[in-house]
Amino acid sequence: MRMMGADSVAILPSAQIQIRNRDAEYPFRQDSDFYYLTGFNEPEAVLVLIPGRRYAQTIMFCRERDPEMEQWIGPRAGQDGAVNEFLLDDAFPIADLGDILPGLLEDKERIYYTMGKSADFDHQLLEWLNTIKERVRTGVHAPAELIALEPLTHDLRLYKSPSEVRTMRRAAKISARAHIRAMEECQPGISEAHLEAEILYEFRVQGAQATAYTPIVGGGENACILHYTENSQPLKDGDLVLIDAGCELHNYASDITRTFPVNGTFTPAQKAIYEIVLKAQLAAIRQVKPGNHWNHPHNAAVRTITKGLIEIGIIKSTLSKALREESYKRFFMHRTGHWLGMDVHDVGEYKVDKHWRLLEPGMVLTVEPGIYIPTGAKGVAKKWWGIGVRIEDDVLVTKNGNEVLSKDAPKSVDEIESTMAAAWEYV
Ligand code: GLY
Ligand code: MN
Ligand code: MN
């Protein structure tokens, strides 16, 4: 509210229930900004912020208590709950929104509201504004400016508080535990779906509410399809499997990728590619520290991958020429990371005034370089075909450098091979 200034109102609707098919619903997921500001996890709610108001600066419109409905679909906070449990200054039934909200907008200069998320609500708000305008002759003043709320909330969300960091650390721990489970359970002949199930099992058993995104479990060639989510094929002896999976805990994401051999032992070719990606990832993580900017980790990853691919003869060029020509892009075609928070590809600007953003304590980002060599890759020796490797960790910027939140997931060749071997020792 300090960022908004006086004479303004912010309006933030909750997420809505989404239909999956016919009358079956997707699990409800609250709007991240709404949850960030309220912790309130119900649909059909609207938060209104009125800075500087004498009475009730924070107001919630939400569903009324309804014993019959609550028996069918679960408890509601109601207006008393919104005030007493969620500490809003005041609360009204959502059904009264149209009667009360226009009055709260009168005589304000600016409305903070993000257009384009809900066509229905956009339309409704414009109608309310028009009714206020129609009444200017009675002396009321209609707000002149409609400004997106997101730049304010998204900048706040970029800097994680200690309690947010605790939740994200726990989310990363659960996901790391799930990746270990997948390594332990893996053996030739089981399916990608089987490993996906092991991952999901661990998420739920450890208390995570959901996955932060659809898990990717790609064996062999499938690891080269960046957003492979069919996860349906058998895992073959001698192949690698790439798993990109992270849980969501109390609406905070984790995002981990590990790549490991289906039979527990890397072949020399797999190991050569893996070591390049690992070296690039570690070099990139070293660049995550206050004062460096957003692109420092990416530059480090690009340089290390280019150098590595030249050394093993996949890129036939000099380092400076290959970097100039971006020869790596054929094998490493995505960015090295993204902000991480309540959304897996979290909010926050990557550039400020056209310059890469400086890293500051409290920011969390992923570091996830990869090398992908599809079968048939022209001009690349056959022994490299079908190898896809990505290694992804979640990294918090700290005062003196960084903390890898997902450090519990085995990452070196030795760690992975011994984790997998130990699981079968007594069988
Ligand atoms: N799993 C999505 C990503 O790594 O960005
Ligand atoms: Mn990922
Ligand atoms: Mn990611």
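The values are calculated or read from the model by the stated rules, or taken from the named source; none is laboratory data. All of these numbers come straight from a predicted model, not from anything done at the bench. Please note: Cβ atoms are built from the backbone with ideal geometry, for glycine as well, and neighbour counts cover all protein chains shown. Just the protein is used for accessible areas: all its heavy atoms, side chains included, with ligands, DNA and RNA removed. Shrake-Rupley method; radii C 1.70, N 1.55, O 1.52, S 1.80 Å.
Remarks
- The listed residues are G341, G291, G308, and the only one of them that is out of contact with any Pro (no Cβ under 9 Å at 6 or more places or on another chain) and surrounded by fewer than 18 Cβ atoms within 10 Å (Cβ to Cβ) turns out to be G291.
- For R303, the criteria (1) outside any loop (DSSP other than H, G, I, E, B); (2) under 29 Å from G219 (Cβ atoms); (3) of a type in the set (K, R) hold in every case but one, which is (2).
- Condition met for E42 (surrounded by 16 or more Cβ atoms within 10 Å (Cβ to Cβ) and modelled with pLDDT of 95 or more): yes
- Top-ranked residue in the range 277-288 [being open to solvent by 20 Å² or more (accessible area, probe 1.4 Å) and either in contact with a helix residue (DSSP H, G or I) (Cβ under 7 Å, 6 or more places away or on another chain) or not aliphatic (A, V, I, L, M) (or both); ranked as nearest to S320 (Cα to Cα)]: K279
- Cβ pairs under 7 Å, 6+ apart, first in the range 328-341 and within 13 Å of ligand 2 (Cβ to nearest atom), second assigned to a loop (DSSP other than H, G, I, E, B) and at pLDDT below 95: none
- When P410, P369 are checked against the criterion of being touching a helix residue (DSSP H, G or I) at 6+ places or on another chain (Cβ under 6 Å) and farther than 19 Å from A300 by Cβ, P410 stands alone in meeting it.
- Once the range 347-373 is narrowed to residues that are open to solvent by 10 Å² or more (accessible area, probe 1.4 Å) and within 15 Å of ligand 3 (Cβ to nearest atom), the residue that is farthest from T211 (Cα to Cα) is Y350.
- Test: residue in the range 46-59 that is part of a loop (DSSP other than H, G, I, E, B), within 17 Å of D120 (Cβ to Cβ) and open to solvent by less than 70 Å² (accessible area, probe 1.4 Å): no
- Residues that are free of Cβ contacts under 8 Å to residues at least 24 places away in the same chain, under 25 Å from A148 (Cβ atoms) and not in a loop (DSSP other than H, G, I, E, B), drawn from the range 1-37: F34
- Screening the candidates K378, K329 for the property of being part of a loop (DSSP other than H, G, I, E, B), open to solvent by 10 Å² or more (accessible area, probe 1.4 Å) and more than 10 Å from ligand 3 (Cβ to nearest atom) yields one hit, K378.
- Residue that is nearest to M342 (Cα to Cα), among those in the range 381-416 that are among the basic types (K, R) and either open to solvent by less than 10 Å² (accessible area, probe 1.4 Å) or outside any helix (DSSP H, G or I) (or both): K407
- Total residues in the range 364-400, condition within 16 Å of ligand 2 (Cβ to nearest atom) and of a type in the set (G, A, S): 2
- Of all the listed residues (E202, E192, E221, E196), the sole one being of a type in the set (D, E, K, R) and open to solvent by 50 Å² or more (accessible area, probe 1.4 Å) is E221.
- All positions within the range 99-125 that are surrounded by 12 or more Cβ atoms within 10 Å (Cβ to Cβ) and farther than 15 Å from I50 by Cβ: T114, M115, K117, S118, F121, D122, Q124, L125
- A24 more than 20 Å from the chain's Cα centre (by Cα) and either among the β-branched types (V, I, T) or over 24 Å from H250 (Cα atoms) (or both): no
- Test for E145: is it exposed (fewer than 15 other Cβ atoms within 10 Å of the Cβ), among the acidic types (D, E) and farther than 15 Å from Y252 by Cα: yes
- Residue satisfying all of: in the range 224-263; at positive phi and open to solvent by 10 Å² or more (accessible area, probe 1.4 Å); farthest from ligand 3 (Cβ to nearest atom) among these: G238
- Count of the range 202-245 residues which are outside any helix (DSSP H, G or I) and closer than 26 Å to D343 by Cα: 25
- Positions within the range 331-356 being within 25 Å of D394 (Cα to Cα) and either of a type in the set (D, E, K, R) or away from ligand 1 (no atom under 16 Å from the Cβ) (or both), in sequence order: F331, R335, D343, D346, E349, K351, V352, H355, W356
Residue-wise test of (1) in contact (Cβ under 8 Å) with a residue 12 or more places away in the chain; (2) in a helix (DSSP H, G or I); (3) not aliphatic (A, V, I, L, M).
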position: L282; (1), (2), (3): no, yes, no
position: P297; (1), (2), (3): yes, yes, yes
position: I314; (1), (2), (3): yes, no, no
position: K321; (1), (2), (3): no, yes, yes
